[in-house]
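Worksheet: the structure to be examined is printed underneath.
Each reported figure results from applying straightforward, stated rules to the coordinates on display, with no laboratory input. This one's a predicted model, so the numbers in the text were calculated from it and none came from an experiment. All Cβ positions, even for glycine, are placed from backbone atoms using ideal geometry, and neighbour counts span all protein chains on display.
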Amino acid sequence: MLRLAVGIALASHAVMALRSGSPFGATVLNALAGVVGMLLLVGLWTPVAGAILAILAGLTAVMHPADPWNCIFLGALGAALALVGPGAWSVDAYLFGWKRI
């Protein structure tokens, strides 16, 4: 559920930001956030996508300091997803299977 909530939030935020006609730097960050959101939605490369999300959220919070709390929240969720992993209902689980420690 966490992966889906973050993926939907990122994808919708990226679509709305791309439709607003932002400057080039913000457009690249929003497009990359949309790609990361889609990866999280399907559950592909979840630890990598979560780590990229945490980095992107930190960059966005620094570049646009007007409202950093949304970025900090999404960054914390991205870090949590990177540490927790994809879950049973994901493409990662289908491709790589469960790992036992």
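Here is how the numbers come out for the structure above:
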| quantity | calculated |
| --- | --- |
| Karplus 3J(HN,Hα) series, Hz, for region 39-51 with 6.51 cos²θ - 1.76 cosθ + 1.60 (x for Gly, Pro) | 4, 5, 4, 8, x, 9, 6, 4, x, 5, 5, x, 5 |
| Computed Kirkwood radius, in angstrom, where 1/r is averaged over Cα pairs of the chain | 13.6 Å |
| Residues Leu4, Leu81, Leu41, sorted so that the one with the fewest Cβ neighbours within 10 Å comes first | Leu4, Leu41, Leu81 |
| Sum of -39500 (n - 2.57) over DSSP H runs of 4+, divided by residues of the chain (222 nm, nearest 500) | -25500 deg cm²/dmol |
| Mean separation of Cα contacts under 8 Å (6+ apart) over length of the chain, as relative contact order % | 27 percent |
